[in-house]
Amino acid sequence: MVVSSEVKWPRMRFTLTRHAREEMERRAIPEDTVKEVLERPQQIAPGYGGKKVYQSKVNLGGGAVFLVRVIVAAETDPAVVVTVYKTGKIEKYWRSQ
């Protein structure tokens, strides 16, 4: 796993992998949106291999609401953001409380 520079935001320390940065750019997900999801996720779900999925419903413009999912390997300090993506299939991933 290739890790890029550390990002320090007030409430959470983590690094973004090169892959995560590339996916943010390719999928047009602003860094501020990723920051918001990490600092104030609407849900944290278990992921594969012990990873955590931080997710929130977000309006990314154009009137459509997407579920932004940030996949985090949280067992290290700082935590590592493995990848980031958005999906319109909210009901597939959203967990009822």
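What follows is calculated from the coordinates using simple rules that are stated; it is not laboratory data. Just so you know, these numbers come straight off a predicted model, no measurement behind them. Cβ placement follows ideal geometry from the backbone for every residue including glycine, while neighbour counts extend to all protein chains displayed.
Within the stretch 3-93, how many Lys pairs sit with Cα atoms under 15 Å apart, leaving out pairs fewer than 8 places apart on the same chain?
Here the count comes out as 6.
Summing +1 for each Lys or Arg and -1 for each Asp or Glu, what net charge is found among the other residues whose Cβ lies under 11 Å from the Cβ of Lys52?
After counting each charged neighbour, the total is +1.
Counting helices only, and only those DSSP H runs with n ≥ 4, report the 222 nm mean residue ellipticity of the chain as the sum of -39,500 (n - 2.57) divided by its residues, in deg cm²/dmol to the nearest 500.
Calculated from helices alone, the mean residue ellipticity at 222 nm is -6000 deg cm²/dmol.
Using a simple spin-label model with points 7 Å from Cα along the Cα→Cβ vector, what separation in nm is obtained for Thr76 and Lys57?
3.4
How do the peptides 28-37, 43-52 rank, highest first, by the average count of neighbouring beta carbon atoms within 10 Å per residue?
28-37, 43-52
So how much slack lies between Tyr93 and Arg40, counting 0.36 nm per residue of separation and subtracting their Cα-Cα distance, in nm?
So the extension gain works out to 17.3 nm.
Excluding Gln43 itself, what net charge comes from residues whose Cβ is under 10 Å from its Cβ, given Lys and Arg +1 and Asp and Glu -1?
It works out to a net charge of +3.
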